[in-house]
Amino acid sequence: MEGYKVRELIEATSGRIIQGNQNSIINRISIDSRTLVPGDLFFAIIGTRFDGHNFIIEAFNKGASGAVVCKDIGSLFQKEEIDKNKIIIEVKDTLSALQDWSKYYKNKFKTFNICITGSNGKTTTKEIIAHILSQKFPLLKTSGNYNNEIGIPLTLLQLNDLHKILVVEMGMRGLGEIETLTNFVSPDLAVLKSGSFKINKNITTRIIRDGNIPLINVFISS
């Protein structure tokens, strides 16, 4: 992620700064205190099995520049004295704030967006498409299991000016989820993979140039 001012994040997420300098520059976001590096802004995401607010102190001890929270800081830091230079931003919901920020950040860049979904074979399809296109175009793809409402926003925050193509795998756990995920990244090309996946000549890549903008259609037949 390219550097940005904290006040941009506050504006994009309708947040409120509790302490810290809103003109500070942030270069990275983390939602996991275990992999956090000094300077990261920590988002305290509330999940089904964890609450990121319980790890804010650990994140600060590891050098986090600040935290985005959705709980009262008085109850969070009752027994701890927090460095006044640490940035603390309060939002209504930390997951929604992460998603809102990723959409705001994504709009800074012009990429051709390829979104892949279906019942099975999504990851293999994504990897094949990304491998082929990366021979000609700088691209960013979702990695690992980053195909949901948390992983896709985190992927978008890795974009920079060099990327021309964005390849996104979208997982579907229930009705309406794909619609939610396309709110984060609007597809220029949607690839629907269903049935068994066959690696053969049914995969065709057609690149059509319109000025300097490549239009890419990948047809997958199962």
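The values are calculated or read from the model by the stated rules, or taken from the named source; none is laboratory data. None of these values were measured; they are calculated from a predicted model. Note that we place each Cβ from the backbone using ideal geometry, even for glycine, and neighbour counts take in every protein chain shown.
Tabulated data
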quantity: The one condition in (1) surrounded by fewer than 21 Cβ atoms within 10 Å (Cβ to Cβ); (2) farther than 16 Å from Leu41 by Cα; (3) more than 19 Å from the chain's Cα centre (by Cα) that Asn113 fails to fulfil; calculated: (3)
quantity: Cβ pairs under 9 Å, 6+ apart, first in the stretch 108-123 and assigned by TED's automatic domain parsing to the domain that holds Thr155 and in contact (Cβ under 8 Å) with a residue 12 or more places away in the chain, second part of a helix (DSSP H, G or I) and of a type in the set (Gly, Ala, Ser); calculated: Ile114/Ala130
quantity: Phe184 in a loop (DSSP other than H, G, I, E, B), modelled with pLDDT under 95, under 24 Å from Cys70 (Cβ atoms) and outside the structural domain of Gly47 (by TED's automatic domain parsing); calculated: yes
quantity: Residue within the stretch 107-124 that is touching a strand residue (DSSP E or B) at 6+ places or on another chain (Cβ under 6 Å) and under 17 Å from Ile29 (Cβ atoms) present; calculated: no
quantity: Within the stretch 42-144, helices (runs of 4 or more DSSP H) holding 3 or more residues that are closer than 22 Å to His163 by Cα and either at pLDDT below 90 or not hydrophobic (A, V, I, L, M, F, W, C) (or both); calculated: 94-106, 122-133
quantity: Top-ranked residue in the stretch 1-41 [being assigned to a loop (DSSP other than H, G, I, E, B) and of a type in the set (Asp, Glu); ranked as farthest from Asp83 (Cα to Cα)]; calculated: Glu2
quantity: Within the stretch 8-31, considering residues that are loosely packed, with under 15 Cβ neighbours inside 10 Å and charged (D, E, K, R), the one nearest to Gly52 (Cα to Cα); calculated: Arg16
quantity: Residues (touching a residue at least 40 places away in the same chain (Cβ under 8 Å), more than 10 Å from Thr94 (Cβ to Cβ) and out of contact with any Gly (no Cβ under 6 Å at 6 or more places or on another chain)) located in the stretch 29-76; calculated: Ile29, Ile73
quantity: Members of the stretch 145-168 found to be touching a residue at least 40 places away in the same chain (Cβ under 8 Å) and assigned to a loop (DSSP other than H, G, I, E, B), listed by number; calculated: Glu149, Ile150, Leu157, Gln158, Leu159, Asn160, Asp161, His163, Lys164
